1. What pairs from 14/60; 60/174; 14/174 go past 26 Å between their alpha carbons?
2. Please give me, ordered by residue number, the chymotrypsin sites (Phe, Trp or Tyr not before Pro) of segment 164-221 that lie in loop per DSSP and have at most 12 other Cβ atoms within 10 Å.
3. When the Karplus curve 6.51 cos²θ - 1.76 cosθ + 1.60 is applied with θ = phi - 60°, which whole-Hz ³J(HN,Hα) does each residue of segment 176-188 get, with x for Gly and Pro?
4. Could you calculate the contour length gain from residue 212 to residue 55, that is, 0.36 nm times the residue separation minus the distance between their Cα atoms, to one decimal place in nm?
Amino acid sequence: MKQSNFKLSSLSHKTILALAGLFLMLFLCTHLLTNLLLLAGDSRAFDAAVAFLSSNPIIKVVEYVLFAGFIIHILMGVIVWINNSRARPVKYYVAQGSETSFFSKFMIHTGLIIFTFLVIHLINFFFIKLGWVALPDYAKDTHDFYSMAVVLFKEPLYVILYLVSFVFLGFHLKHAFQSAFQTLGLNHDKYFPAIKVIGTIYALVISIGFSIIPIYFLFFH
């Protein structure tokens, strides 16, 4: 009976993890499309998008849902990792050679790296916008997101941190995409290979798309 309850609990955790993960993947698409407006050459297009998002009451509600999504995804990820560790306390002598097992082995590690970057990212952008973090002298009068992007992406160390983080995010997304469909039972032999390809393309588009922005500001702006 205990084993049955454990399996049901584990399955529920994985399902919630998958659903929260897919929701965050949708957010990354919209976030990328907005951030790519930074490449327009001036701040007008990006500022207009931010003004719309900031003043829209529906978006305000979505922000709370988004934060909840992040928290749920992180908590469920930790719980699933703990459950998996308890279920298999002794490591296999021969390591699994599949791509899935390789990525799944390091999901908790890439997740922790992404979480660390997310905290830094929120401190640099969201909390600065609220006035909770002091700006450098040359940026004290520019509390808008575009100006902060210019300031931060002129710092080589921050750009390196940003790029490395999105490399890890790409690996995380590649496995998470197909893993979510597997968890939800959508892994039919006919179309699952296509899901794997779509997941790889999605991971590349997100990681490369976000990475272009700091490279542009560091070298070409």
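1. Numbers: 14/60 28 Å; 60/174 29 Å; 14/174 17 Å.
Table pairs above 26 Å Cα-Cα are 14/60; 60/174.
2. For chymotrypsin sites (Phe, Trp or Tyr not before Pro) across segment 164-221 that sit outside H, G, I, E and B with at most 12 neighbouring Cβ atoms in 10 Å, the list reads 191, 220.
3. For segment 176-188, the Karplus curve yields 4, 4, 6, 5, 4, 5, 5, 4, 7, x, 9, 10, 5 Hz.
4. This chain segment gains 53.7 nm when fully extended.
Read the figures in this text as sums done on the coordinates, not as results from a lab. This is a predicted model, so every value here is computed, not measured. Quick reminder, even Gly has a Cβ in these numbers, built from the backbone with ideal geometry, and neighbours come from all protein chains shown.
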